[in-house]
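The values are calculated or read from the model by the stated rules, or taken from the named source; none is laboratory data. The structure presented is a predicted model; accordingly, all values stated were derived computationally and were not measured. Ideal geometry is used to build each Cβ from the backbone, glycine not excepted, and the neighbour counts take in all protein chains shown.
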Amino acid sequence: MESPFKGDILKGKVSLLTGGGSGIGYEIAAELGKHGSFIAIMGRRIHVLDSAVSALQSLGIQAIGVEGDVRKKEDAARVIDATVKQFGKLDILVNAAAGNFLVPSEDLSPNGFRTVIDIDAVGTFTMCHEALPYLKNGGVIINISATLHYTASWYQVHVSAAKAAVDSLTRSLALEWGTDYGIRVNGIAPGPIEDTTGVAKLITKEVTLKRQKDSAQYRMGKKWDIAMAALYLASDAGNYVNGMTMVVDGGIWLNSPRHMSKEEVKQLSKTVEKRSRDAPVGVPKSNL
């Protein structure tokens, strides 16, 4: 799809994206890069990073990948330092690293709950905290959230709590750092996005067909939709937007009935357990 933004809207900017090696994070990285930004992506799986960097470079984007875990302060500092060393500065931080899996709350262990909180909420704050010295020139932070906690969501109590924390971080940092340093801090709450690992794990084909039947407003979003929202918030087009989490889901969050029985979720959880060795970052392998 063709971008509605000018091709040089981020010319000369430097962007660092956690979770930028795949899914929504990669799509945002690609669009920021296509619009002039230098790109650094961070993730735990080096082969995923290498593949993503090659893909970005094939688009004519200057990009690097740096291995690291957002939960570790030393990794966050090292990745940020590597980005600044390579490109000379840091202008935009996108926190897209996340973990999720379906599980009834009574079957979720405290360790499984903690893992998602650590990746989504603690990891987001850790990256923001370590990036602060480099963003004091009026930088931009974009935190990828969700709509799960706006009402309540079945079988995702851990992620709902984590994303509620992320939204609170977005508002609080926007207030403090916007006032003190001119840093804009905003969030994006995507709806169900096609061709992503999250949707593949959490929404079956049968659920998708049922939602389409039950609601005329329902359709899968595209990763491009989220990338365009990020581009808006990262650019001067959004220079008077601060402390907002933008919902990009076509209004789907306004109606969220139960689409799967508890028994179906338990069976799905067992299937995910079998696939856990190849699961993305953040899926606990022994606590589903």
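Quick notes on this structure:
- Residue match in segment 77-87 (condition: surrounded by 21 or more Cβ atoms within 10 Å (Cβ to Cβ) and outside any helix (DSSP H, G or I)): no
- The lone exception for Leu32 - which of (1) touching a Lys or Arg at 6+ places or on another chain (Cβ under 9 Å); (2) assigned to a loop (DSSP other than H, G, I, E, B); (3) in contact (Cβ under 8 Å) with a residue 60 or more places away in the chain it fails: (2)
- Any hit, segment 45-61, residues being outside any helix (DSSP H, G or I) and within 19 Å of the chain's Cα centre (by Cα): yes
- First in segment 93-121 and under 30 Å from Asn137 (Cβ atoms), second anywhere and among the polar types (S, T, N, Q) and at pLDDT below 95, Cβ under 9 Å, 6 or more apart: Asp120/Asn100
- When the criteria are applied in full, Asn137 meets the requirement of being over 26 Å from Asp107 (Cβ atoms), at pLDDT below 95 and either of a type in the set (D, E, K, R) or not in a helix (DSSP H, G or I) (or both).
- Any hit, segment 109-127, residues being under 21 Å from Lys13 (Cα atoms), surrounded by fewer than 21 Cβ atoms within 10 Å (Cβ to Cβ) and basic (Lys, Arg): no
- Among the residues of segment 9-44, those identified as surrounded by 24 or more Cβ atoms within 10 Å (Cβ to Cβ) and of a type in the set (Gly, Ala, Ser) are Ser15, Gly19, Gly20, Gly21, Gly25, Ala29, Ser37, Ala40, Gly43.
- Residue check, Ala200 under 19 Å from Trp154 (Cα atoms), at pLDDT below 70 and surrounded by fewer than 16 Cβ atoms within 10 Å (Cβ to Cβ): yes
- Considered as a group, the residues in segment 140-151 that are over 16 Å from Arg184 (Cβ atoms) and among the aliphatic types (A, V, I, L, M) include one that is modelled with the lowest pLDDT, and that residue is Leu148.
- Out of Gly20, Gly25, one residue alone is under 27 Å from Gly221 (Cβ atoms), in a helix (DSSP H, G or I) and among the small types (Gly, Ala, Ser). It is Gly25.
- Selection within segment 209-253 - of a type in the set (Ser, Thr, Tyr), modelled with pLDDT under 95 and under 18 Å from Ala146 (Cα atoms): Tyr218
- Residue check: Gly99 meets all listed conditions (1) touching a strand residue (DSSP E or B) at 6+ places or on another chain (Cβ under 9 Å); (2) at pLDDT below 95; (3) closer than 21 Å to Gly68 by Cα but one, namely (1).
- Residue identified as modelled with pLDDT of 95 or more and under 23 Å from Asp225 (Cα atoms) among Leu10, Leu90: Leu10
- Tally, over segment 152-191, of residues that are at pLDDT 95 or above, in a loop (DSSP other than H, G, I, E, B) and buried (at least 20 other Cβ atoms within 10 Å of the Cβ): 1
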